[in-house]
Amino acid sequence: MKILLMGPPGAGKGSQAEKIVNEYQLTNISTGEMFRESYNNQEPIGIEAMKFIEKGNLVSDEITNEVVRLRLLKKDAARCFLLDGYPRTVTQAVALDIMLNEMNSKLSAVINIVVDHEIILERMVGRRVCRSCGATYHVEFKPTQKKDVCDACGGTLYQRNDDKPESVKNRLNIYQNKTMPIIEYYRGRGILHEVNGMQTFNEVYKDIQNILGEPV
Ligand code: ADP
Ligand code: ADP
Ligand code: ZN
């Protein structure tokens, strides 16, 4: 099973990914998460990427494609994976097709989580992320038991710099101009599924499960 999870920033990709990869035993590959981790470790790629991420801009296709290529070559990605947040440009979508072709592999499904702009804004300003394990919460919609402390690992929560209003606006523009065209690219291939992301966490997950079938 090789799945792409798409949707605007704040659509709930990361939240759904957490659950899907557990239930379906898939390797979770999130480019955003990989960049943040690399930055936390003060690696050159992470430091370079964060210059773009902070302002809400995309990291270059060259860097991003290379990061994904190396990740897909690892053993745990050979059979089953879920890609969250990649591809985000047509150039990346084409590069992914070439990579998969070379591996004699292809995508099983592309799931697009659809959410209106007003809802995205309230989701992003309230999003909080665990500094230690990357788990995602929301001050209102998914609060932690103890304020600013991760339920999963006890780590401290923080607000991503790119979730501040100035960056969010830019990210939504970029989504519309650069990422939306990919949706049509996959629709044309007949592997695109759309789910309504403006439901509860569990309702969205149920719709995704209906598309993927029961986990085996
Ligand atoms: P993405 O990875 O697409 O940017 P996230 O999974 O990080 O989205 O979700 C963005 C924010 O919205 C998080 O704070 C998350 O807790 C919250 N969220 C996600 N899905 C829902 C939902 N169905 N209802 C309410 N809030 C949600
Ligand atoms: P969100 O959960 O809000 O959709 P991500 O965690 O997926 O955000 O990504 C955070 C940031 O990392 C993006 O705004 C972008 O700057 C960078 N990034 C992530 N994936 C890509 C990609 N495929 N191409 C370019 N930049 C990316
Ligand atoms: Zn944590």
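The values are calculated or read from the model by the stated rules, or taken from the named source; none is laboratory data. Predicted model only: the values in this text are computed from it and were never measured. Neighbour counts are summed over all protein chains in view; Cβ atoms, including those assigned to glycine, are modelled from backbone coordinates with ideal geometry. Note: accessible area is taken over every heavy atom of the protein model, side chains too, but ligands, DNA and RNA are not part of it. Shrake-Rupley method; radii C 1.70, N 1.55, O 1.52, S 1.80 Å.
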What residue among Ile191, Ile20, Ile29 has the largest mean-square fluctuation in a Gaussian network model of the chain, using Cα springs under 10 Å? Ile191
Per-selection Kirkwood Rh - region 1-76 (Cα, Å, 1 d.p.): 13.5
Compute the FRET efficiency between Glu54 and Asn196 as 1/(1 + (r/R0)^6), taking r as their Cβ-Cβ distance and R0 = 41 Å, and round to the nearest 0.05. 0.85
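How much FRET efficiency would the formula 1/(1 + (r/R0)^6) give for Arg131 and Val94, where r is the Cβ-Cβ distance and R0 is 30 Å, rounded to 0.05? Before the final figure, lay out the partial values.
Details: r = 35 Å, r/R0 = 1.17.
With R0 = 30 Å, the Cβ-Cβ based efficiency is 0.30.
Work out how much length Lys106 to Gln25 would gain on full extension: take 0.36 nm times their residue separation and subtract the Cα-Cα distance, in nm to one decimal.
Numbers: separation 81, 0.36 × 81 = 29.16 nm, distance 1.80 nm.
Stretched fully, the Lys106-Gln25 segment lengthens by 27.4 nm.
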Under a plain spin-label model, where a point goes 7 Å from the Cα along Cα-to-Cβ, how far apart in nm are Glu62 and Ile119? 3.9
For the chain, set up a Gaussian network in which alpha carbons nearer than 10 Å are linked by springs, and say which option among Met180, Met103, Met198 fluctuates the most. Met103
Under 8 Å for C-alpha pairs, at least 6 residues apart: give me the relative contact order for region 93-196, rounded to a whole percent. 34
Taking a cut-off of 11 Å, what percent of all Cα-Cα pairs in region 176-216 are separated by more than that? 70
Compute the accessible area per residue over the chain, keeping the other protein chains in place, probe 1.4 Å, unit Å². 53
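Using the Kirkwood radius over C-alpha pairs as Rh, can you work out the diffusion coefficient of the chain via Stokes-Einstein at 10 °C, viscosity 1.306 mPa s, in µm² per second? Please report the intermediate quantities before stating the final value.
Values: Rh = 17.7 Å.
Result for D is 90 µm²/s.
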For the chain the mean separation of alpha carbon contacts under 8 Å (6+ apart) over residue count, i.e. relative contact order in percent, is 29
With a 1.4 angstrom probe the carbon and sulfur portion of accessible area for region 127-216, in percent, totals 48
